[in-house]
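I have placed the structure first, in the form of C-alpha cells, so that the comments after it can refer back to it.
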Amino acid sequence: MTDTTTATSQTVNTVLGPVPARELGVAAVHEALLSVVPGAEHAYDITMDRAEIFEILAGKLTDFREHGGRTIVDSTGMFHGRDVRLYEALSRATGVHIVASTGMGPEEVLGGYFLTPQTNPPTPWPAEKFADLFAKEVTEGMVVPRLERRGAAGIVTTTATRGGMTPTDESLFRGAARTALATGVPVSIRYGKDALGDLGIVLDEQVPAGRVVVGGLDRKEAAAAGAPLEVAQRGAFVALDHVGLDDDDEYLTDRERASLVLDLVKAGHGNRLLLSSNAIGVAKGHPDYELPFSYVVSTFVPFLKSQGLSDEDARRILVDNPRDLLTLR
C-alpha cells in the first residue's frame, strides 16, 4: 500500500501515460488545443482537416517549448473538440507534455442526454452519475466516441453558469469533486457568479482545498470583491487565466493582473498562484484567438519581473505550483 501511494504521488497523467512530476517544468494549466463548438464539425462551412490542424498546433506547441514551456493542460473537457489521438501525436512530435481533461459544463452547453436521462418528469443527472462518467476517463481511459478508450485524463474540469449555479451545474461540481477523491486527479472549476460559493460546493465534498483550482479570478468582478485573496486564504489555487486578454471590459488588463499577482505574493500566497491565457490553438465554430501559448512565459512574466517579482517567485508560479496541483494524490 505504501509503495503504491508513493509512486502515485510522484506522477502526472499525460496523454502518453504517467510521467514523473519533476519532469513537468514550466506548465500552463488553462489552455485549449482544439476547441470545437459542439456540432460545428457537422457544418457545411467548417473544415476539419486533421493534417492542417496538426501542423498549426505543432507550430504553436513548438513555439511554447522554445520559450521554455514544457507542459500544457488542455482544459476543455469531454465534448469541445478533445482529440486524444491527435494530442498523442502532437506530444510525440513536439516534446511537450500534454495533460488532457475530463469533465463538462456549464449546463447550457450540455447535450440533452445529460439533462434529461430518460426520467419522467425529466430531472438533472445526479452527481454520482457524473462522477462515474468522469472517473472512468481517469481509471479506464478517455473516450474516443464510438471507438475506444485511450490514455488517462489528468484533471477533471467543470464550469458554472455565469448567471448563477443551476442544479445541473451543482451535480457537475459535486461529480467532479467525487472524481478527484476517487482517482487522485485535481479539480479545475471556472466559477459562474459566486467564486467562493462555487468553491464551497467542491469543498463540501471533502476535497482538500489544495486539490482545487478556481479559474476566472482575473474577472474584474472577482478582483473587486477580493475573491482571489479569499480563495488563496482557503488554500485553493488562484488561476489568473486570461493573461494577454487586454481589451475586454469584463477582465483585468495585464497591468492590473500584474499588480494583483504582486499583491498576492506580498500577502504570502505565491504558492497558490497559477498563470495561464485560455489561449486556443485551433478554433472551430467560434472566432480564432491568436494568442501564443508562450505568452505568459515570454511576455507576461518578464513584465512581472520588471515590476519586482523575484526569480524564485516566478519559478514557484510557473513550475512548482502547477506540479503540486497536477501530481496525483
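In the chain, helical runs assigned H by DSSP with n ≥ 4 each contribute -39500 (n - 2.57); averaged across all residues and rounded to the nearest 500, the mean residue ellipticity at 222 nm is -10500 deg cm²/dmol. Which of rounded, prolate, oblate describes region 139-223, given a ≥ b ≥ c as roots of the alpha-carbon gyration tensor eigenvalues and a/c under 1.5 marking rounded, otherwise prolate only if a/b is larger than b/c? It is prolate, given that a/c is not under 1.5 and a/b is the larger ratio. Using R0 = 25 Å, the C-beta based FRET efficiency linking Val144 and Gln10 works out to 0.30.
Considering only DSSP beta bridges with both partners in the chain, what is the antiparallel share in %, to the nearest 5?
Numbers: 8 of 35 bridges.
Antiparallel bridges: around 25 percent, rounded to the nearest 5.
To make sure I understand, if each residue's beta carbon is the centre and we count other beta carbons within 10 Å, what order do Leu325, Leu245 fall in, fewest to most?
Values: Leu325 26, Leu245 20.
The order, fewest Cβ neighbours first, is Leu245, Leu325.
Once you have a ≥ b ≥ c as the square roots of the Cα gyration tensor eigenvalues for region 140-283, tell me rounded if a/c is under 1.5, and otherwise prolate or oblate according to whether a/b is larger than b/c.
Working: a/c = 1.73, a/b = 1.45, b/c = 1.20.
Verdict is prolate for region 140-283.
Expected output is a single nm value to one decimal: the length gained when fully extending between Phe303 and Val109, i.e. 0.36 nm times separation in residues minus the C-alpha distance. What is it? Can you show the working numbers first?
Numbers: separation 194, 0.36 × 194 = 69.84 nm, distance 3.63 nm.
Gain in length upon complete extension: 66.2 nm.
In this structure the amide hydrogen of Arg190, modeled in the peptide plane, comes within under 5 Å of the amide hydrogens of Thr158, Thr159, Ala160, Gly215, none closer than 5 places in sequence on its chain.
Can you give me the relative contact order of region 13-149 as a percent, contacts being Cα pairs under 8 Å and 6 or more apart?
Values: 161 pairs, mean separation 35.0, N = 137.
Dividing the mean separation by the residue count of region 13-149 yields 26 percent.
Note on Asp263 and Ala51: the extension gain reaches 71.9 nm, defined as 0.36 nm multiplied by sequence separation minus the Cα-Cα distance.
Full extension from Arg255 to Lys220: what is 0.36 nm times the residue separation minus their Cα-Cα distance, to one decimal in nm? Walk me through the intermediate numbers first.
Details: separation 35, 0.36 × 35 = 12.60 nm, distance 1.28 nm.
Fully extending the segment from Arg255 to Lys220 adds 11.3 nm.
Putting +1 on Lys and Arg Cβ atoms and -1 on Asp and Glu Cβ atoms, find which of Val243, Pro20, Tyr289 reaches farthest to the positive end of the dipole of the chain. Value computed over the given set: Pro20. Neighbours of Ser35, meaning other residues whose beta-carbon lies under 12 angstrom from its beta-carbon, give a summed charge of -3 when Lys and Arg score +1 and Asp and Glu score -1.
Peptides 25-37, 60-72, 279-291 ranked from most to least packed give 25-37, 60-72, 279-291, packing being the mean of other C-beta atoms within 10 angstrom over each peptide's residues.
Under 13 Å from the Cβ of Val138, count the other residues' Cβ atoms, weight Lys and Arg +1, Asp and Glu -1, and hand me the total. Taking every Cβ under 13 Å from that of Val138, the sum is +2.
Rounded, prolate or oblate, given the Cα gyration tensor of the chain, with a/c below 1.5 counting as rounded?
Values: a/c = 1.28, a/b = 1.15, b/c = 1.12.
In terms of gyration-tensor shape, rounded.
Extending 7 Å from Cα along the Cβ direction at Arg92 and again at Glu23 yields two label points whose distance is 1.6 nm.
Dipole size in debye (nearest 20) for region 2-324 around its Cα centre, Lys and Arg Cβ +1, Asp and Glu Cβ -1?
Working: 31 positive and 45 negative charges, 163 e Å.
Rounded to the nearest 20 debye, it is 780 debye.
Laboratory data are not the source of any read-out in this text; all were calculated from the coordinates shown. Note that the structure is a prediction, hence the values are computed from the model and not measured. Note that each Cβ is placed from the backbone with ideal geometry, even for glycine, and that neighbours are counted across all protein chains shown.
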